[in-house]
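Below: one structure, written as C-alpha cells.
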Amino acid sequence: MNPILILIAKRLGLGLLTLWFVSFGVFFAIEALPGDTAEAILGQSATPETVAALRKELHLNQPALLRYWNWQIAVLTGDFGTSLSNGRPVSELIGTRLGNTMFLAGMAALISVPLALCLGLLAALWRNSLFDRLINAVTLTSISMPEFFIGYVLIFAFAIRAGILPPMSAISPTMGLPDRIVFTILPALTLTLVVVAHMMRMTRASLVNLLSLPYVEMARLKGAREMRVILFHVLPNALGPIVTVIALNLAYLITGVVVVEVVFVYPGLGQLLVDSVSSRDLPVVQVSCMIFASAYILLNLTADVIAIVSDPRQLHRT
Amino acid sequence: MKTRLANLRQVPPTALFGIVIVILYIVLAILTPALTPYSQREIVGGAFLPWTSAHPLGTDSLGRDMLTRLLYGGRNTLGIAFVTTILAFAIGMAAGLVAVTVGGWLEPILSRIVDMLMSIPQLIFKLFLLSIFGTSIPTLILVIAVLDSTRVFRLTRAAASSIAVMDYVEAARLRGEGPWWLMTREILPNITAPLIAEFGLRFCFVFLAIAALSFLGLGIQPPLADWGSMVRENATLITFGDITPLIPAAAIAVLTISVNFIVDWMLHKSTGLKE
Amino acid sequence: MSDPTALLKLRDLRLDGQGASGTTHILRGIDLDLAKGEVLGVIGESGAGKSSLGLAAMGFCRNGCRFAGGSANFDGNELIGARPAVLSGLRSTRIAYVAQSAAASFNPAWRLIDQYCEFPVLRGLMDRKAAEKDAIEIYEQLRLPNPKEIGFRYPHQVSGGQLQRAMTAMAMSCRPDLIIFDEPTTALDVTTQIEVLSAIRSAVNELGTAALYITHDLAVVAQMADRIMVMRHGEVVEEAATRTMLDAPREAYTKSLWAVRNIRPPAKPLPPTDTAPLMQISNVTAGYGSNDTALQDIGFDVHAGRTRAVVGESGSGKSTAARVIAGLLPPRSGEVRLDGQLLPPDYRKRSRDQLRKVQLIYQMADTALNPRQRIGDIIARPVSFYAGLRGRALRERVREILSDIELDPDTYMDRSPAELSGGQKQRVGIGRALAAEPQFIICDEVTSALDQIVAENILTLLQRVQRDYGLSYMFITHDLSTVRAIADDVTVMQRGKIVEQGTATHILECPQHEYTRKLLASVPEMDPDWLSKQVSGVDSIV
C-alpha cells in the first residue's frame, strides 16, 4: 500500500481514538460524581420512592458500561438526552445555538484568515523592517490581552461612545441576514483581533524559517527577485506549514468563542456550556463538550493530514 | 561585571518597560495588606458609588471598595498563577527529563498521554473538569497545572532530546553516569534558556486562563477578589459609559504584555542573529 | 598582472560581518583578475573567507554582512552596490553558482529539470521544450546515469554525487561566462569525488567557461585550476600558475600547507603481534532495525600498543563497528573481548572498570564537550569518577593531564569550550579519554573536521600519548592520508563487510582487493596530471 495512505490512516485512527477517549472521559467523569442524577433532577421533592422510580425510568439501575454504550449510540444518532434544568431535549437547546456559534466563528474566520496570511507574508517579506517590528509589537500586545478586555473595549468604543453598533448580540432565529451581521460584527471583530495575531505570527515564523534554507539562497544566486523567491520557491514548500497554522487557529477560535459569547451575551453554544456548568446541567455539559472537542480534534486532524500530503518528500517517494 | 552593565544598556525599551512593570506588580502584590485601609470582603457603602477621594475607584456591585479589591485581586491572581505555573513546571519538566534520559517504554506512554490531553481544547477541558470537581482553589490550581504541564513536557522533551543525542551526553553515559547526573549536569544546564522563556509564556497563559475562568464564574470564587470576576460583576457599568470595570481587565493586559515583551527579547537574544 | 581583458576584476574588496561580538573583517582587501575561460583555484583553511569571496564575486553577501569598500567588476558591470535588477540580470545568464551541499540547495518541491529550465525560459533564451532537450544533453555531458529520465525526478530521489553533477548542469543552463564552484566535492566520498571532478572539468573545458574553484583540498585544486590563489584571514597570501605554485611556493604559510601533505609517520619499533590481542572482535553482525544489516560478520584484533585503522566510505559500517565495541549498539550475533574477557554487549551491563578501559574520542569536538562545563571540570570528572580522587590530588591530576595534551593548565583550566579553537577542543576530548586511564581508545574520524595543519598536530599528539601510555587505538577514518600517517594495521570496509585487512604497509603498498585499489587510486594527488591519468586509466580498463 502507498506509504502516504498508511500515514494518513494512522493519523485518522489516532483522531478517532482520541474522540472515543474523550467521550469515555466525559461519560464516566460524570458517573463518578458524588450524588445521584435522579436526586439532582427531583431536588426538593426527592423521596426514596420517587428517586427509585426515576432511576428506573432513566435506566440508572443498569450497569455503567451498558449505559455508556447506549449513550454513545444515542449521541451518534442525534439523541442527546434531556436537560436537567428545564426538561427539554438537549438537541432542541443545542440546535439553533450551534448554528449561531458556527455563524460567529465562520465570520471571524472569513475576516481573519486572509488578513493574517497577508500580514504574515508581508512581515516575512520585509522582515526586520519598521513595519515588521511595529506589527510584532502590536500582535504581541493583542495576544497578551484577555478576550473579555478586547470585547469590552470594543463595546465601550463602538456601542457606548460612538453608538454605531449594538452592545449586545441579541440575535433571534427570525432575524434576516443583514441584521444578524450587524449584531455579530463586534464579537467577530474581538475574535478576529486575537486570532489574527496568533495566525500572523505563526505564518511569519514558518516563512522566515523557510527563507533561511540554502535552496532559497540558491534561488537568489540564480537571479530570482524577492517576489519570485517568495511566490515560486518558498510558498510551494510553505503550504503545509501555513495550512497547519490556519487549522490550529480555527481550533483556537472554537475555544475563544466561549468567552466572547459570554461578553456579548451571544446566544451560542459557548454561552450554553458556561450556563449549564454553573447550573450543573450535566447532560448539556456532556454534549456541548463533545461538540467542541470533536470540532477541535477534526481541525487538528485536517491540519496534520494536509501537512503529510503537501510534503514533496512524502508525496514523491522513490 | 562591566559587560553585564553594557548588556543592560542594550536592552530594548519594550523589554525594559516589561521588567519595570513586572517588578511594580510584585511589589504591589506583596505590600497590598499594608496599602489598603479596607479588607477585600468589607462592604463600605452603597453599590456602584462614583469615584471619590475616600474610594478613588468607587465601589462595586455589592458596595465594596474597588481599589482595595483591585489590589487584592492582583495579589490573589498573581499568587495563584505563580503557584500553578511552578507546579506545571515541576510536573512537566520532571516527566520530560525522565522520558528522555530513562527512555524505554516510559517515553512512548508519556508522549501518547500528552498527545491525547493536548488534542482536547484546553478551556473546554478545564471548564468540564471544574464542573465535575467543583471550583475550589486547590482544584483550580491542580486542574490548570496538570493540563498546562503537557506543554512544558513537550518543550522539555524536545529540547532535552536534542541535547541527549550530543556526543558529550553519550560520553557521560559510556562513563557509567546515572540518570540523575545526566539530567542535572549534562542536559538541564543546556536547556535553561528555552525553559526560562517558556516559564514566562506559561505564566501568561496560566494567568489568562485563571482570569478567563473567573470571568466565566468558575475560577476564584467570591468573596475573594480577582481581576476576572471583578470585570464580570461590574460589567453593567460599561453600558453607562463608566470605564471602572475595564481597569482590572487592563491590569491583566498590562502584566501579560510586559511578561511577553521580556520573553520576546530573551528568545530573540538566545536565537542570536539567525533572524 | 592587471589584464584589460579580464572578465572579473576585484580591487581592494572588503566585507564586514556584524556578529554578537562586534564587527569582524571577513575580506580585508582582495585583488583578483580572472580572464575569459580561465579557471582560478582559491584555497585556504576554514575561516579564510573563501566562500564569502565566491559570493562576493556575484555581488551577493549573506545576512549580517556588508560590503565595506572596494570594487568587483564583472565584464564592465560594477557589482558592489548595483541595483537588484542589474544583479539578477547577470546571475544565471552570465555568472552562475554551484553550492557545496547540492542536497540542501535544490528546492525539494521542484523536479530537477524544472529547476534547470527555470532561468533559460524566464530570460527568454529558449522555450521550455528546447530547454528540456538542452538539459538532457548537458546531463549526458556530465555523465549522469539515465540522462533522459533523471531530470524528471525530485531532488530527494537522487544520490549526492548525482545531485552535485545536476547542480553543475543547472549552473551551465544559460551558458554563463563564469561559474563559481564552492567546495562542490567536499561532502562526497573519494570514489564519487573523482567521477564528479572529471565530469566538471571536461564540461568546463568544453564550454570554455571561466571558473572560480573554491576548496580546502590542495590536490583537488591542482587538478582543476590553471592558477591558484592562497587565502588566509581574508587576505591573499600568494597567487601563481598551478605548476609554479605547487613546485615553488614563496610564502611560509603556503609552504607549511604543502608540507602537511607529505607527512610520513616517524619510524617506531612496532609492538609485537604474537601475544594475545587486547581487543578481539569476532563474527559480529549488527543493524539498526530488524531489516537493516549495517555490519555483516566482521572480525578483527587490536594488539596492545598498536593502531588499527578501519577505513571505508559513508555507509561502510565503520562507525557502526565502533558503536558495537563501545556497547551502544548490542550486536545481533558475535562477541567483543577485551583482554580475553567477554564484554557485555550493552554498555549498561558493563562494569565501571570495563567502561573505563574503553574510551571514545569523537569527530565533532563541538558536540563532544558540554558547553556548560569548564575544561577543568570536563577532565576532572572521569578522574574522580573512576579513581575517586578529590580536592588537591584531583586538581594536581587534572593539571598533569592538561600539560599532557599540551594545554597550559593556568590558562585553560577555567575556560569554557566556547573559548577554545577547534584543535584545542579536540585536545580536551583526548584529555578526557586519557583521564580515565584506558587501555583502548576508539578514535572516530577525530581529524576530519579539522584543518590540515591542526589535524597533523592532533595526530602527532595521539602518537606521543600512545607511546607514553602503551595505548591501543582503533582509528576510524575515510581519509587515506591519515591512515598512512598513523596506522599499523588496516581494515578496509565496504557496505558492512570487511573486504581486506592486514598490516598497513601490506594494504597500502600491494592491495589485493579491487575495491581497496579503487579507493587508493581515488585519493587525489598533488600532480596536476593525476586526474587525467586516472581517468584515462579508468577508460582504458573500460
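The values are calculated or read from the model by the stated rules, or taken from the named source; none is laboratory data. All values reported here derive from a predicted model rather than from experimental measurement. For neighbour counting, all protein chains shown are included, and Cβ atoms are generated from backbone atoms with ideal geometry for every residue, glycine included. Calculation scope for accessible area: heavy atoms of the full protein, side chains included, ligands and nucleic acids excluded. Shrake-Rupley method; radii C 1.70, N 1.55, O 1.52, S 1.80 Å.
Solvent-accessible area of chain B (1.4 angstrom probe, protein heavy atoms only): carbon and sulfur portion equals 72 percent.
Given a cut-off of under 8 Å on Cα pairs at least six residues apart, what relative contact order in percent is computed for segment B:38-271?
On the way: 292 pairs, mean separation 52.5, N = 234.
Once normalised by length, the contact order is 22 percent.
For C:R232, the amide hydrogen comes within under 5 Å of the amide hydrogens of C:V237, counting only partners 5 or more places away or on other chains and with H modelled in the peptide plane. Of the residues C:L407, C:G423, C:T477, the one whose Cα sits farthest towards the positive end of the charge dipole of segment C:279-510 is C:L407 (charges of +1 on Lys and Arg Cβ, -1 on Asp and Glu Cβ, taken about the Cα centre). Between the chain alone and the structure with every protein chain in place, find the residues of segment A:157-199 that drop at least 40 Å² of accessible area; heavy atoms, 1.4 Å probe. Buried by the other chains: A:I160. Annotation: for a label point projected 7 angstrom from Cα along Cα→Cβ of C:E396, residues of segment C:345-383 with backbone N closer than 18 Å are C:380-381, C:383.
For chain A, what relative contact order do you get, as a whole percent, if you take Cα pairs closer than 8 Å and at least 6 residues apart? Computed over chain A, the figure is 26 percent.
Over chain C, give the accessible area per residue in Å² for a 1.4 Å probe, as an integer. Before the final figure, lay out each step's value.
Details: 22400 Å² over 542 residues.
Per residue, chain C has 41 Å² of solvent-accessible surface.
Using a 1.4 Å probe over protein heavy atoms, the accessible area lost on pairing B with A, summed over both chains, comes to approximately 3800 Å². With one equal scatterer per alpha carbon and no solvent term, the Debye-computed log10 I(q)/I(0) for segment B:24-152 at 0.10, 0.12 1/Å reads -0.50, -0.65.
By the rule of a C-alpha distance below 14 Å, with chain neighbours fewer than 8 residues away ignored, the aspartates and glutamates paired with C:K9 are C:D31, C:D33, C:E38, C:D75, C:E78, C:D177. Cross-link partners among aspartates and glutamates for C:K148, C-alpha distance below 13 Å, same-chain residues fewer than 8 apart left out? Of all the aspartates and glutamates, those that pass the test against C:K148 - Cα under 13 Å, at least 8 places apart if same chain - are C:E132, C:D134, C:E137, C:E140. In segment C:8-258, inverting the average of 1/r over every pair of distinct C-alpha atoms gives 18.6 Å as the Kirkwood radius.
Relative to the longest principal axis of the Cα atoms of chain A, the long axis of helix A:177-211 lies at roughly 50 degrees.
Residues of segment C:103-149 whose accessible area (probe 1.4 Å, heavy atoms of protein chains only) drops by at least 40 Å² once all protein chains are present, relative to their chain alone: C:A104, C:S105, C:N107, C:P108, C:A109, C:W110, C:E118, C:F119. Size estimate for segment A:94-317 follows the Kirkwood approach: the inverse of mean 1/r over distinct Cα pairs works out to 19.2 Å.
I'd like the mean, over residues of B:110-123, of how many other protein chain beta carbons sit within 10 Å of each residue's own Cβ. The partial results should precede the final answer.
Numbers: counts 0, 0, 2, 0, 0, 3, 6, 2, 2, 13, 12, 14, 3, 10.
Shielding by partners across B:110-123 averages 5.
Across segment A:257-271, coupling constants 3J(HN,Hα) worked out from phi with the 6.51/-1.76/1.60 Karplus curve, θ = phi - 60°, read 4, 4, 5, 4, 4, 5, 4, 8, 6, 7, x, x, 5, x, 4 Hz, and Gly and Pro carry x. Taking the charge dipole of segment A:94-317 about its Cα centre, with +1 at Lys and Arg Cβ atoms and -1 at Asp and Glu Cβ atoms, the residue from A:I155, A:F264, A:S129 reaching farthest to the positive side is A:S129. Once the Kirkwood radius over Cα pairs is known for segment C:279-510, the Stokes-Einstein relation at 4 °C and 1.567 mPa s delivers a diffusion coefficient of 71 µm²/s.
Candidates B:M66, B:L267, B:I132 compared by Cα position along the dipole of segment B:38-271: farthest toward the positive end lies B:I132, with charges placed on Cβ.
Kyte-Doolittle mean at least 1.6 and Cα extent at least 30 Å along the axis: which DSSP H helices of chain B qualify? Don't skip to the end; give the middle numbers.
Working: long enough: B:13-35 (32 Å, 2.43); B:66-101 (51 Å, 1.38); B:137-164 (37 Å, 1.23); B:192-215 (34 Å, 1.77); B:246-270 (36 Å, 1.40).
For chain B, where a helix must reach 30 Å along its axis and average at least 1.6, the hits are B:13-35, B:192-215.
About its Cα centre, how strong a charge dipole does the protein assembly as shown have in debye, to the nearest 20, once Lys and Arg get +1 and Asp and Glu get -1 at the Cβ?
On the way: 101 positive and 98 negative charges, 194 e Å.
So the dipole magnitude of the protein assembly as shown works out to roughly 940 debye.
Amide H contacts of C:A309: C:F475, C:D488, C:D489, C:V490, C:T491, each under 5 Å away and 5 or more positions distant or on a separate chain (H built 1.01 Å from N in the peptide plane; Pro and chain starts excluded). Close amide H pairs (under 5 Å, H built 1.01 Å from N) link C:L278 with C:V302, C:H303, C:A304, residues at least 5 positions away or on another chain. The Cα trace of segment C:234-339 gives Rg and Dmax of 21.6, 58 Å, the first to one decimal, the second as a whole number.
Can you give the accessible area per residue of chain A, in Å², using a 1.4 Å probe? That works out to 46 Å² for each residue.
3J(HN,Hα) along segment A:66-82: 5, 5, 4, 4, 4, 4, 4, 4, 4, 5, 5, 9, x, 9, 9, x, 10 Hz, from the Karplus curve 6.51 cos²θ - 1.76 cosθ + 1.60 with θ = phi - 60°, whole Hz, x for Gly and Pro. Atom-type composition of the exposed protein surface of chain A places 70 percent of the accessible area on carbon and sulfur (1.4 angstrom probe).
Take the Cβ-Cβ distance between C:N73 and C:E514 as r, set R0 to 51 Å, and report the resulting FRET efficiency rounded to the nearest 0.05. Numbers along the way, then the final one.
Details: r = 51 Å, r/R0 = 1.00.
E(calc), rounded to 0.05, equals 0.50.
By how many degrees, between 0 and 90 and to the nearest 10, does the Cα long axis of helix C:190-207 differ from the longest principal axis of chain C? Between helix and principal axis, roughly 10 degrees. Between the C-alpha center of segment A:180-230 and that of segment C:477-542 there is a gap of 53 Å.
The GNM of chain A, with springs linking C-alpha atoms under 10 angstrom apart, assigns the highest mean-square fluctuation among A:L213, A:L235, A:L193 to A:L213. Approximating the spin labels as points 7 Å out from Cα along Cα→Cβ, the B:Q10-to-A:L298 distance works out to 5.1 nm. Contact-buried residues of segment A:284-305, at a threshold of 50 Å² lost accessible area versus the chain by itself: A:Y296 (1.4 Å probe; DNA, RNA and ligands ignored).
Under the definition of Cα pairs under 8 Å and six or more residues apart, what whole-number percent is the relative contact order of segment C:8-258?
On the way: 472 pairs, mean separation 69.1, N = 251.
With pairs under 8 Å counted, the relative contact order is 28 percent.
Of all DSSP beta bridges located in the protein assembly as shown, what percent are antiparallel, nearest 5?
Once the DSSP bridges in the protein assembly as shown are tallied, antiparallel ones form about 55 percent.
Overall size of the protein assembly as shown from C-alpha positions, given as principal axis extents largest first: 105, 73, 65 Å. Compared with the dominant Cα axis of chain A, that is its longest principal axis, helix A:282-309 is turned about 20°. With the full set of protein chains in place, find how many percent of the accessible area of segment C:1-159 is carbon and sulfur; take the probe as 1.4 Å. Reported share for carbon and sulfur atoms: 50 percent.
In square angstrom, what is the accessible area per residue of chain B with a 1.4 angstrom probe? List each step's numbers first, then the result.
Values: 11830 Å² over 275 residues.
Per residue, chain B has an accessible area of 43 Å².
Buried surface for the C/A pair, taken as the accessible area of each chain alone minus that of the pair with a 1.4 Å probe, is close to 2300 Å² in total. Rounded to the nearest 20, the size of the Cβ-charge dipole of segment C:378-497 about its Cα centre is 400 debye, with Lys and Arg at +1 and Asp and Glu at -1.
The figure for C:R14 is an accessible area of roughly 90 square angstrom, using a 1.4 Å probe on the protein chains alone. Rounded to whole Å, give me the distance from the Cα center of segment B:153-217 to that of segment C:1-60. Cα centres, segment B:153-217 to segment C:1-60: 44 Å. Residue ranking by accessible heavy-atom surface, 1.4 Å probe, largest first, among A:R201, C:R350 comes out as A:R201, C:R350. Past the 29 Å Cα-Cα mark, which pairs from C:K318/C:K349; C:K357/C:K497; C:K318/C:K425; A:K222/C:K129; B:K126/B:K269; C:K50/C:K133? Those over the limit are B:K126/B:K269; C:K50/C:K133. Note on B:W51 and C:E149: their simple-model spin labels are 8.0 nm apart, each label 7 Å out from Cα toward Cβ.
Using the alpha carbons alone, the radius of gyration of chain B stands to its Kirkwood radius in an Rg to Rh ratio of 1.05. Taking every DSSP bridge with both residues inside segment C:8-258, close to 60 percent are antiparallel.
Go through A:M199, A:M227 and list them by solvent-accessible area, largest first, probe radius 1.4 Å.
Working: A:M199 0, A:M227 115 Å².
The ranking, largest first, comes out as A:M227, A:M199.
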